[in-house]
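Here's the structure we're looking at; comments come further down.
The values are calculated or read from the model by the stated rules, or taken from the named source; none is laboratory data. Nothing here was measured: the structure is a model prediction, and the numbers come from that model. Note that we place each Cβ from the backbone using ideal geometry, even for glycine, and neighbour counts take in every protein chain shown. Calculation scope for accessible area: heavy atoms of the full protein, side chains included, ligands and nucleic acids excluded. Shrake-Rupley method; radii C 1.70, N 1.55, O 1.52, S 1.80 Å.
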Amino acid sequence: LARRSGLDVGKVLDVKATHVGGLLSRPLHTRRVAVQVQVVRILDFCLSTKPEPLIKIHASFVGLLQEALSLAENDDAAVAAAKTGVAPGAGDDMHALRAACIRLMCSAMACPELKTPPAGQEQLAQLRQRIITMFFKSLTSRNADVVDLAKRGLKRVIQQQSLSKELLQSSLRPILVNLAHYKNLTMPLLVGLERLLELLSNWFNPTLGEKLLEHLRRWLEPDAQKNAGQPPQQARAPPKDFKIAAAMINLFHLLPQAAGKFLEPLVMLTMQLEQALPQSGVHSEVNSLYRKPLAKFLGRYAADAVDFFLARLNQPAFFFRLLDMVRMEKEGAPIREELCKSSAKIVAAAFAWPRAGAPAVDAGASTEGLSGVGGGSDLASYNGLKLVSVLAKHDPDWLSSQPEIVDALWARWKSEARSERLKHEERLALPELLETKRLAKCFMNVATKDRSKIGYLFDVLSVFDTRTCVDFTFLIDFYKKTVARSFSPAERHAVLAHFLEAFKNKSAPPSELTHALRLIVIPVLEATLADAASDPIKMEEARLVLTEDAVASVVVDLLETADDEDSETHTEAMRVQLLRMGTLLIRHVPDALVRHRKELIKFGWNHLKSEDGGAKQFAFVNVCHFLEAYQAPEKIVLQVFVALLRACQPESKELVRQALNALTPALPKRLPQGDHKYPIWIRYTKKILVEEGHSLPHLIHVWNLIVSHESHFYPSRAQFVPQMVNSLSRLGLPSSSPAENRALSVDLVELVLRWEKARARRVSLAKEKEKGGEKDEPDEEKEEEEEE
């Protein structure tokens, strides 16, 4: 109400002295616990209102504050004892009462009377000192709410004015006394000390870190009582010890700035503590609960930590702990940021070769668990590469802005040593085996963020020339999804232009050019031309990617030169990919290729004569799409169609089906019926069915064609229905007949029934028209009745 009306809370409530007197008329202990909680909360509200409290702290109020302070001073044991013998549910009220009393003390400390007690008011001064002492004591409570309230109150006190040295010493003494011996350490004590360090870190001496290190060393000593009858080298192992040691490590990041000297001893000691953990279980060396507290400390001294770990890149125990902390989202952020600013240090520690003081290649490899194949590298370089890839994964924009590291990675990719290792992967250790994959991922990262680095997309294609057990499908996915779909039209045009230039100048090996065409160029064209014919916006984008100059270069530099048998670039695999690309262009942008029809049909027709089966079948697909898109001599169309009808080899079945699916819909337009009763392509289909009908593969091939294009064969169905019915027993009845043959026989029966229903429907419509006085039924219907 005060916030909505813009008035002070005091004016809204209009608290009278009689209202307050009713609350203060009786001591707290004379009321029920639930009522005490409500009274304390009301008084807390009155003291915490802004801009000034609703009530002042006067003599009668001080007595109630002292009583509430006594309740707040009760430790956890006293509250637990008070709970015994009370009604069910009253125990929670006791905890609520203590929390409410501490909250009341927090509000009271903000009042002028307690913030700076007037001279001569010893009672208020003593009350203030007791409240501060209670805040310090409550920091070690096992109740999280009590600890948070106490920390809030102590923070408010410190913000108001600095505490006297005597008050601090008297308040801290109970906590610091328990730190003298490691057996007195408990989780509440260490959590309370953590809260104190957050508030008063400058008041603590760095020697506290030395004491904590001493206690941590005791955690590695055998416990004579608990390990009685066990080997003497076994360290302390109860689960509570893990958490206490982790809590001690968690204090180091809160120590004064001079605590940076503990970096090396704390890291070494933490590694020893992790090695003393069980081999398996919730808390083990792999899943160490010491790692996050250590990361907090190292994050505060990130520059020193980076120098420390980079100097030990060749030591797996240090490197994998660094990697684990770098991967932490929150605790590892300062270390990651420092590493990202330390490119020169990473290059010097990992990629500078030869390294000063490095052992001989064979000796170093044997001691580090590497094969040493190719030389020119050690474990530090492989670990540095992994570190760079992890940093690039966390911050995708980082690597592309670090030319020094990118140059080092590129030099490593181009090295003969890496190529040699790729050829002998059966001898490689895991870091060596994954070297090429990590480098490729780094280059993909750079190419994604800096899309002017198109060369990286093509240069990594050499990995597909070698048989390997390493999975590089991420590269294929990158090309098909990121390059083909996410790049802008201008960037995709630059990719196409780069390939055409490389092909023209032969600046890459033939195998890499083939991979580039298959994995980069064709996916880019497929994504660009998809739906371009029906979508004007997509067509405009397609024109930006596939400009007239690019089309001319494709035809002149790629397709026309394919007939050169002496060309090393035009391998069989390359010819297949060129046929795929030519087919793609004819299907989607036939208008852009009208000027190049002669070159296109020559390119496809010459490959129909190829001795390579794969290229020949792809050539059929190419030529069929050409004949579907452009006018051609009827003799050529018929020749291609007949050749496809006779091509029933199982290995080329899918490509032949694609070719027929492209050509068959165009046959009525390309091969008109003329004066004959049936078109010539129907007659040749019938002829091949009669000549080759004894061969089951030929029979299946023709029937599949008719089933797929039933509407085109409907007018001439009488030529095929009798043989369909006769062939059903050969297709579906034998017990050894495969499932696809049985499915085809069912499809043929359904086709005959559909044709018959269509004929009956057309005859019925014709008769209705005749009865209505219209013209006689068409000659076609009469012929159909005669045939039936």
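Quick check on Arg467: is it within 16 Å of Ile520 (Cα to Cα) and not hydroxyl-bearing (Ser, Thr, Tyr)? Against the criterion (within 16 Å of Ile520 (Cα to Cα) and not hydroxyl-bearing (Ser, Thr, Tyr)), Arg467 does not qualify. Residue check: Asp477 meets all listed conditions (1) of a type outside the set (Lys, Arg); (2) closer than 26 Å to Leu399 by Cα; (3) open to solvent by 40 Å² or more (accessible area, probe 1.4 Å); (4) in contact (Cβ under 8 Å) with a residue 12 or more places away in the chain but one, namely (4). Please work out which residue is nearest to Arg587 (Cα to Cα), limiting yourself to region 524-546 and to residues that are open to solvent by less than 10 Å² (accessible area, probe 1.4 Å) and assigned to a helix (DSSP H, G or I). Checked region 524-546; the qualifying residue nearest to Arg587 (Cα to Cα) is Leu529. Yes or no: Asp397 closer than 28 Å to Phe487 by Cβ, part of a helix (DSSP H, G or I) and open to solvent by 30 Å² or more (accessible area, probe 1.4 Å)? No, not satisfied. Taking the criterion of being of a type in the set (Asp, Glu) and loosely packed, with under 12 Cβ neighbours inside 10 Å, the residues of region 667-700 that qualify are Asp675, Glu691. Here region 681-719 is the region considered, the condition is being outside any helix (DSSP H, G or I) and under 57 Å from the mean Cα position of the chain (by Cα), and the residue that is modelled with the highest pLDDT is His709. The residues in region 729-767 that are assigned to a helix (DSSP H, G or I) and under 22 Å from Pro650 (Cβ atoms) can be counted, and the count is 13.
Within region 561-576, restricting attention to residues that are in a loop (DSSP other than H, G, I, E, B) and modelled with pLDDT under 80, which residue is least open to solvent (accessible area, probe 1.4 Å)? That would be Ser567. Here Gly85 does not fit the description of being at pLDDT below 80, assigned to a helix (DSSP H, G or I) and small (Gly, Ala, Ser). When His29, His95 are screened for being over 55 Å from the mean Cα position of the chain (by Cα), modelled with pLDDT of 80 or more and open to solvent by 50 Å² or more (accessible area, probe 1.4 Å), only His29 passes. Annotation: of all residues in region 135-159 being in contact with an Asp or Glu (Cβ under 9 Å, 6 or more places away or on another chain), farther than 14 Å from Leu172 by Cβ and in a helix (DSSP H, G or I), the one that is least open to solvent (accessible area, probe 1.4 Å) is Val146.
Of all residue pairs spaced 6 or more apart or on separate chains, those with beta-carbon atoms under 6 Å, a first member in region 650-670 that is in contact (Cβ under 8 Å) with a residue 40 or more places away in the chain and a second member that is open to solvent by 60 Å² or more (accessible area, probe 1.4 Å) and charged (D, E, K, R) are Ala662/Glu628. Assessment of region 419-431 against the conditions (assigned to a helix (DSSP H, G or I), within 25 Å of the chain's Cα centre (by Cα) and either free of Cβ contacts under 8 Å to residues at least 12 places away in the same chain or surrounded by fewer than 19 Cβ atoms within 10 Å (Cβ to Cβ) (or both)) yields at least one matching residue. Got a number for residues in region 177-226 being among the acidic types (Asp, Glu) and over 15 Å from Asp241 (Cβ atoms)? Residues in region 177-226 being among the acidic types (Asp, Glu) and over 15 Å from Asp241 (Cβ atoms): 4 in total. May I ask you to verify whether Thr664 is closer than 30 Å to Gln577 by Cα, β-branched (Val, Ile, Thr) and open to solvent by less than 60 Å² (accessible area, probe 1.4 Å)? So Thr664 passes the test. Just so you know, in region 99-122 the residues that are at pLDDT below 80 and assigned to a helix (DSSP H, G or I) include one that is surrounded by the most Cβ atoms within 10 Å (Cβ to Cβ), and it is Leu114.
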